[in-house]
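K.L.:
So that we are looking at the same thing, I have put the structure below in structure tokens.
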Amino acid sequence: MGVIEDSGVQGLPVGAHVLHDYGWRDRAVLSLDECTLIDAAHDPKLSLGVLGLTGMTAWVGLRKVAQACEGDTVFISSAAGAVGSAAVQLALATGCTVIGSAGSRAKCESVLRLGAHAVFNYRDGSIRDQLRASLERVGKTGIDVYFDNVGGEQLEAAIREMAVHGRIALCGMTSAYSASTPQPGPSNLLKLVWNRVRMEGFLLRDHRADKSEFLAEMSAAVEENTVRSLDTVLPGGLAVAWESFSRMREGAFVGKVIIDL
Ligand SMILES: NC(=O)c1ccc[n+]([C@@H]2O[C@H](COP(=O)([O-])OP(=O)(O)OC[C@H]3O[C@@H](n4cnc5c(N)ncnc54)[C@H](OP(=O)(O)O)[C@@H]3O)[C@@H](O)[C@H]2O)c1
């Protein structure tokens with residue numbers, strides 16, 4: 001995201017915030033059709049988070065892929081992350097019972113503050129046992145929707161608890177991104193057969209046509225305060241960008257990570 005410093009174009013006033021595809025940089029010279037003007041009614045930071053690609057990823061996964069409905073029990077991994085924290089809030093706004101997982105006590109607390117009904121630290125003992133215990137704590141016997149950000153052991157544990165006609169939205173596989181050898185797949189896929197569970201991967205770029213539907217719902221949720229930004233804003237500009245990106249992947253920060261230029 002950038003701020004217009006100089007402009008000869010009507011509709012792009014100096015001081016306006018715009019999104020562009022020119023990557024991390026101090027300055028860029030852009031034509032009008034390369035800029036997406038940010039609605040000045042919102043904090044511009046929201047357009048990098050819950051009102052941007054991050055929020056739309058959560059929305060597509062829950063609404064379009066998993067078709068989460070009121071009354072569903074929804075499990076969300078990396079629940080304190082950028083996409084995960086948006087998914088937690090959307091699921092709660094839909095009237096779902098929400099269980100989250102995250103990698104530290106502080107992150108678990110931030111997920112509870114978002115309103116999740118139960119949360120566990122996946123680094124704190126058996127994932128299987130903690131997920132089962134979380135279901136018992138919220139008084140549910142199975143998961144209707146699993147929003148998977150991480151793959152690996154958490155995916156296997158979720159499959160084990162899926163309810164009949166459950167849906168798994170495969171958003172990403174953070175646990176495999178830094179692995180140096182191929183990761184084994186879940187050993188319990190037969191459970192998907194017995195319980196007629198649908199597991200579907202998705203990419204945001206296939207859902208561009210849904211953008212106005214997403215923005216209408218999410219902007220209203222932000223205005224009603226049912227969805228808010230969870231983010232970490234880092235000072236230091238481009239000099240810290242790459243190191244911060246790596247540290248984000250390792251779990252150093254909560255929510256959307258924004259580098260202040
Ligand atoms: N399908 C799409 O179109 C689409 C679009 C955008 C993003 N994505 C995917 O969505 C997922 C979430 O993206 P995001 O931007 O919101 O990132 P994020 O969840 O904020 O990612 C960083 C977090 O991943 C967690 N993590 C790191 N290593 C892990 C491991 N081995 N096991 C479990 N968790 C681990 C860490 O949290 P903890 O401290 O809690 O471990 C870290 O804070 C990613 O997989 C991303 O690739 C998909």
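The values are calculated or read from the model by the stated rules, or taken from the named source; none is laboratory data. This structure is a prediction, so every number in the text was calculated from the model and none was measured. Positions of Cβ are backbone-derived with ideal geometry, glycine not excepted, and every protein chain shown enters the neighbour counts. For the accessible areas, the whole protein counts, side chains as well, though only heavy atoms, and no ligand, DNA or RNA atoms are used. Shrake-Rupley method; radii C 1.70, N 1.55, O 1.52, S 1.80 Å.
K.L.:
Normalised radius of gyration for the stretch 84-127, please: alpha carbon Rg relative to 2.2 N^0.38 Å, two decimal places.
P.N.:
It is 1.09.
K.L.:
For the chain, modelled as a Gaussian network with Cα springs under 10 Å, which listed residue fluctuates most, Ser31, Ser212, Ser178?
P.N.:
Highest fluctuation among the options: Ser31.
K.L.:
Quick one: which of Lys107/Lys191; Lys45/Lys140; Lys45/Lys107; Lys64/Lys107 span more than 32 angstrom between C-alpha atoms?
P.N.:
Listed pairs above 32 Å: Lys45/Lys140.
K.L.:
Let me ask another. Quick one: accessible surface of Lys191, probe radius 1.4 Å, all protein chains present, in square angstrom to the nearest 10.
P.N.:
The accessible area of Lys191 comes to roughly 60 Å².
K.L.:
What list of ³J(HN,Hα) couplings, whole Hz, do you get for the stretch 160-166 from phi and the Karplus terms 6.51, -1.76, 1.60, once you set θ to phi - 60° and write x for glycine and proline?
P.N.:
Per residue, the Karplus-derived 3J(HN,Hα) values read 4, 9, 5, 7, 4, 6, x Hz.
K.L.:
Also: Using a 1.4 Å probe on the protein heavy atoms only, what accessible surface does His42 show? Give it in Å² to the nearest 10.
P.N.:
About 30 Å², rounded to the nearest 10.
K.L.:
Please compute the alpha carbon radius of gyration of the stretch 53-205, then divide it by the globular-protein estimate 2.2 N^0.38 Å. Two decimals is fine.
P.N.:
0.93
K.L.:
With viscosity set to 1.567 mPa s and temperature to 4 °C, compute the Stokes-Einstein D of the stretch 121-261, Rh being the Kirkwood radius across alpha carbon pairs; µm²/s, no decimals.
P.N.:
72 µm²/s
K.L.:
Among residues other than Ser77 whose Cβ falls under 11 Å from its Cβ, what is the net charge (Lys/Arg +1, Asp/Glu -1)?
P.N.:
Local net charge: -2.
K.L.:
Pick from Glu200, Glu136, Glu243 the residue whose mean-square fluctuation is largest in a GNM of the chain, springs joining Cα atoms under 10 Å.
P.N.:
Maximum among the listed residues: Glu243.
K.L.:
Among Gly201, Gly61, Gly84, which one shows the highest mean-square fluctuation when the chain is modelled as a Gaussian network with alpha-carbon springs under 10 Å?
P.N.:
Gly201
K.L.:
Still on this model: Report the FRET efficiency, 1/(1 + (r/R0)^6), for Val138 and Ala179, where r is their Cβ-Cβ distance and R0 is 30 Å, rounded to 0.05.
P.N.:
That gives a FRET efficiency of 0.40.
K.L.:
For the chain, compute Rh as the Kirkwood radius over C-alpha pairs and then the Stokes-Einstein diffusion coefficient at 20 °C and 1.002 mPa s; write the answer in µm²/s, rounded to an integer.
P.N.:
Translational diffusion coefficient: 111 µm²/s.
K.L.:
Same structure again: Working with all protein chains in place, sort Val98, Val119 by solvent-accessible area computed with a 1.4 Å probe, largest first.
P.N.:
In descending accessible area the options line up as Val119, Val98.
K.L.:
Provide the FRET efficiency to the nearest 0.05 for the Asp26-Arg205 pair, computing r from the beta carbons and using R0 = 25 Å.
P.N.:
0.35
K.L.:
Tell me which aspartates and glutamates have Cα within less than 17 Å of Lys211's Cα, excluding those fewer than 8 residues away on the same chain?
P.N.:
The qualifying aspartates and glutamates are Asp39.
K.L.:
What distance in nm separates the simple spin-label points at Val3 and Trp194, each placed 7 Å from Cα in the Cβ direction?
P.N.:
Roughly 5.9 nm, to one decimal.
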